[in-house]
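*Asks:* Would you mind keeping the following structure in view while I ask a few things?
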Amino acid sequence: MKSAFTNKRFSLILALTAVLTLGMPGCNDDDDDEATSAVTPSETKLQIGGIYPLTGILAEFGELSQKGAELAIKDLTEAGFQVEMTSKDSGSNPTNSVTAATQLVSENNAQVILTASASETIEVAEKVTIPNQVLQISYAAVSPTVSVLAADDGHDLLFRTNVSGTAQGIVLAKTAIDKGYQKLALLYVDDALGQGTAQVFTENFENWGGQVVAAVKHSTEVQSTYVDELTQAAVDGAEALVVISFPQHIIVFLQEAMAGSFFDKFLFVMAQRSETVINAMGSMLEGVCGTAPAVVFSDSMDKFNVRYQAEYGTLSTQLAGNAYDAVVVSTLAAYAVQAKGETMTAITIRDHLRDVAGAPGERVEPKIDELKRARELLQAGKQINYNGAYTDVDFDEKGDVSAPIDVWCVKDGQMITENTFMPDNFEVVGKAGMFFDGSKDFVRSQESPLGNLVADVMLAGAQASDNTVAASFINAGSLRNSIGEGEITHSELLIVLPFGNTLFVLDITGRELVSALDNGFSQSGSETTGAFLSVAGMQISYCDTTPCAEALLDNGVVTSVTINAEAIELDKTYRVATHDYLAGGGDNFTMLEEACNSGSYCQNTDKLLVDLLTGEFQNNSPVTRNVEGRINQISSP
């Protein structure tokens, strides 16, 4: 069966969430008068305050972000923009970050503050930037809490150029369900990152039928041992450990978990691709898998890499790109304010932030010549759309940017991408008014609300363009996951229908239809298979064993079929809906393939089943279904 999101079978899974926030040394560039482009007399220099964890638990990432931000200042200055950045070290400490932000605002008149980790970002937002009406952009905060921070409600002053951990929490839960885990334990760092990501993972994992049996937090300070925390987590049949923490913590407790036989299976989430833990653990992590923001190769990234390599002699990183973009987009917004004759303040910069980095507008990429062109376009009153180094920097209503999420695995010591989920997969599309059980033993043995729902949307989708379609059917093997009650995202529906199947409409005789139903139900006794059918527009009775004396066809099991309240006629032609896999003979439905090859009507509508299901949630929420007696099993005489 073809698959848009192929289920991967991993020998060992790992889940760590390493919010790899970074640091940057202080820099106060005073070379702006050397700009190659003339500055308009009324132009005011933008003051940016950068807070970077040069020391402390996140210090290993300081140089990366430093290079990205410094390169942005250099490129913008050469392009003619008036911008200055004063930087301070946070020591990876939220309290220090608040002190630094206070100084940058009060002493340096910073109109834009850049921050790193979620804990630092939230503390600064609540205590400094929002109370003082200063714009704040994080280049490394991952916690989902940043998107919905109560202090920013009604202010719209908090943005970030890196991807939220919400999408990764969803994908991690999907990976765990795919692997067959039913009970998991969580070990998470007790800060905004750990709390927020743990909540997203737990909600999604349990919505899909899993259970988090223990959720244990640990201090943000690196400890010499985590035996107490591991002991608390290794309870109630936990099959694996989900770890949400930083590399320095992770290296310690992974070694202890394996050496002490607490856990030998893990799930891994990484805020940025980093091989620190993999390199430290060596061959012990061979085959493990996790998630991280995807690296999508684009013209913008190519141009940034060329520029970065010319400056530093090495390839760039996502963190460097995020810091670069935070500096550039705030400077472009500040210039757009002045080009329109407005007074430059943090509020007016914020008001133009989305305008310079979103459609419509002429595309601008991270390169000096492109930045010069952006300045000219803004001066001429034209719109621009800055596309960043690693994301499009299209800020949504929450101030977040989107990017695909990779599922990766370690093979031969390297992180290899196995799958990629697109950002629009995580949009809420509606609500489920009940739990739709998609467990294999359930949907492959009896009529189910989930099977009825999918068969219904297939029939409605076919009838929307052809009202002669009488019935529909889908094999249970195409239904791969449950749907939890409550808000539903597109990604959840992709997990239910992951194979990219499209709707087929074909003409078959009553005899061929009964033959197809026989194939679906004849294997439904003691053995459950993916051929078991869910139907719409039909009522069916079948024998639970063979031989079945009352079967409509020799050696069959189906004893009666009604379509539109009329008994099926074996020689009559019916127009029915199914999907491409079954129409191609999959799961031994060869009679459908033969009907298509015979010259009879057989049409691929190119409508994705998952899109039809999404439409149901968009238009008819809250969605519910009942068992209605469409499929009835009878005892063979």
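*Asks:* In debye to the nearest 20, how big a dipole does the chain give about its Cα centre with +1 on each Lys and Arg Cβ and -1 on each Asp and Glu Cβ?
*Replies:* Its charge dipole is roughly 360 debye.
*Asks:* Cut-off under 15 Å on the C-alpha distance; same-chain residues fewer than 8 positions from residue 607 excluded. Which aspartates and glutamates are left, in chain and number order?
*Replies:* Cross-link targets: 456, 466, 580, 616.
*Asks:* At a 1.4 Å probe radius, carbon and sulfur cover how many percent of the accessible area of the range 371-478?
*Replies:* Carbon and sulfur atoms account for 46 percent of the accessible area of the range 371-478.
*Asks:* With the dipole of the chain worked out from charges on the C-beta (+1 for Lys and Arg, -1 for Asp and Glu) around the Cα centre, which of 169, 195, 207 lies farthest toward the positive end?
*Replies:* Working it through, the farthest residue towards the positive pole turns out to be 207.
*Asks:* Still on this structure, please answer the following. Would you tally the net charge around residue 635, using a Cβ to Cβ cut-off of less than 15 Å, leaving residue 635 out, and scoring K and R as +1, D and E as -1?
*Replies:* On the way: positive: none; negative: 544, 550.
Counting the neighbours of residue 635, the net charge comes to -2.
*Asks:* Separate question: Karplus couplings for the range 499-506 from phi (6.51 cos²θ - 1.76 cosθ + 1.60, θ = phi - 60°), rounded to Hz, Gly and Pro as x?
*Replies:* 9, x, 5, 10, 6, 10, 10, 8
*Asks:* Can you flag which of 45/340; 45/127; 265/411 are past 18 Å Cα-Cα?
*Replies:* Details: 45/340 16 Å; 45/127 26 Å; 265/411 16 Å.
Pairs exceeding the cut-off: 45/127.
*Asks:* Another question about this same structure. Charges at C-beta only: +1 for Lys and Arg, -1 for Asp and Glu. How large is the resulting dipole of the range 191-319 about its Cα centre, in Debye rounded to 20?
*Replies:* Details: 5 positive and 15 negative charges, 70 e Å.
Rounded to the nearest 20 debye, it is 340 debye.
*Asks:* Give the residue list of trypsin sites (Lys or Arg not before Pro) in the range 538-637 that are DSSP loop and have at most 14 other beta-carbon atoms within 10 angstrom.
*Replies:* On the way: sites: 572, 575, 607, 625, 630; in loops: 572, 625, 630.
Here the sparse-neighbourhood loop sites are 572.
*Asks:* Which of the three applies to the range 282-360, rounded, prolate or oblate, going by the alpha-carbon gyration tensor with a ≥ b ≥ c and a/c under 1.5 meaning rounded? Provide the component values of the computation, followed by the final result.
*Replies:* Details: a/c = 3.05, a/b = 2.19, b/c = 1.39.
Prolate is the answer for the range 282-360, as a/c is 1.5 or above and a/b outweighs b/c.
*Asks:* Going by amide H atoms built from the backbone, whose H comes under 5 Å of the H on residue 386, apart from near neighbours?
*Replies:* 357, 358, 364
*Asks:* When the chain is fully extended, how far beyond the present Cα-Cα distance does residue 126 get from residue 314, taking 0.36 nm per residue of separation?
*Replies:* Values: separation 188, 0.36 × 188 = 67.68 nm, distance 3.72 nm.
Length difference between fully extended and current span is 64.0 nm.
*Asks:* Is the range 285-435 rounded, prolate or oblate when judged by the Cα gyration tensor, a ≥ b ≥ c being the square roots of its eigenvalues, rounded requiring a/c under 1.5 and prolate requiring a/b larger than b/c?
*Replies:* oblate
*Asks:* Sticking with this one: Give, as a single signed number, the net charge of other residues whose beta carbon lies under 10 Å from the beta carbon of residue 151, with Lys and Arg counted +1 and Asp and Glu -1.
*Replies:* -2
*Asks:* With runs of 4+ DSSP H residues as the only contributors, calculate the mean residue ellipticity of the chain at 222 nm using -39,500 (n - 2.57) per run, divided by the residue total and rounded to the nearest 500. Don't skip to the answer; put the middle values down first.
*Replies:* Numbers: 19 runs with 214 residues, N = 637.
Helix contribution divided over all residues of the chain: -10000 deg cm²/dmol.
*Asks:* Another one. Counting other C-beta atoms within 10 Å, and keeping those with at most 14, which DSSP coil chymotrypsin sites (Phe, Trp or Tyr not before Pro) do you find in the range 557-613?
*Replies:* 601
*Asks:* Apply the Karplus parameterisation 6.51 cos²θ - 1.76 cosθ + 1.60, with θ equal to phi minus 60°, to every residue of the range 125-134 and state each ³J(HN,Hα) to the nearest whole Hz, in sequence, with x for glycine and proline.
*Replies:* 4, 6, 9, 10, 5, 5, x, 9, 6, 10
*Asks:* Which value, in debye to the nearest 20, describes the size of the charge dipole of the range 139-216 about its Cα centre when Lys and Arg Cβ atoms bear +1, Asp and Glu Cβ atoms bear -1, and nothing else is charged?
*Replies:* 380 debye
*Asks:* What list of ³J(HN,Hα) couplings, whole Hz, do you get for the range 218-230 from phi and the Karplus terms 6.51, -1.76, 1.60, once you set θ to phi - 60° and write x for glycine and proline?
*Replies:* Calculated HN-Hα couplings, in order: 9, 5, 6, 7, 5, 10, 7, 8, 10, 4, 4, 5, 5 Hz.
*Asks:* Go through (1) 53; (2) 57; (3) 65 and flag the label whose value is the computed percent of Cα pairs over 31 Å apart for this structure.
*Replies:* So the calculated entry is the one marked (2).
*Asks:* Taking a ≥ b ≥ c as the square roots of the Cα gyration tensor eigenvalues, with a/c under 1.5 meaning rounded and otherwise prolate when a/b beats b/c, else oblate, which class fits the range 530-637? Present the calculation step by step, with values, prior to reporting the outcome.
*Replies:* Values: a/c = 1.96, a/b = 1.26, b/c = 1.55.
Taking the square roots of the gyration eigenvalues as a ≥ b ≥ c, the range 530-637 is oblate.
*Asks:* Set Lys and Arg Cβ to +1 and Asp and Glu Cβ to -1, take the dipole of the chain about its Cα centre, and tell me which of 51, 180, 157 lies farthest positive.
*Replies:* It is 180, whose Cα lies furthest towards the positive end.
*Asks:* Name the residues whose placed amide hydrogens come within less than 5 Å of the amide hydrogen of residue 621, ignoring near sequence neighbours (fewer than 5 apart) on the same chain.
*Replies:* It is 431, by chain and number.
*Asks:* Work out the charge dipole of the chain with +1 on the Cβ of Lys and Arg and -1 on the Cβ of Asp and Glu about the Cα centre, then indicate which of 332, 634, 535 is farthest towards its positive end.
*Replies:* 634
*Asks:* Select from the range 104-148 those GluC sites (Glu not before Pro) which occupy a DSSP coil region and have at most 16 other Cβ atoms within 10 Å, ordered by residue number.
*Replies:* Those that pass, being in a loop and sparsely packed, are 107.
*Asks:* Note down the net charge around residue 53, summing +1 for each Lys or Arg and -1 for each Asp or Glu among other residues with Cβ under 10 Å from its Cβ.
*Replies:* Summing Lys/Arg as +1 and Asp/Glu as -1 gives -3.
*Asks:* Cross-link candidates for residue 183: which aspartates and glutamates have Cα within less than 13 Å, leaving aside residues fewer than 8 places away along the same chain?
*Replies:* Counting by Cα, and skipping residues close in sequence, residue 183 has these aspartates and glutamates nearby: 206, 236, 239.
*Asks:* Also: Can you give me the accessible area per residue for the chain, using a 1.4 Å probe, in Å²?
*Replies:* Dividing the accessible area of the chain by its residue count gives 37 Å².
The values are calculated or read from the model by the stated rules, or taken from the named source; none is laboratory data. If you're wondering where the values come from, they're calculated on a predicted model, not measured in any experiment. Reconstructed Cβ throughout: ideal geometry from the backbone, glycine too, with neighbour counts over all protein chains shown. Protein only, heavy atoms only, side chains kept; ligands, DNA and RNA dropped before computing areas. Shrake-Rupley method; radii C 1.70, N 1.55, O 1.52, S 1.80 Å.
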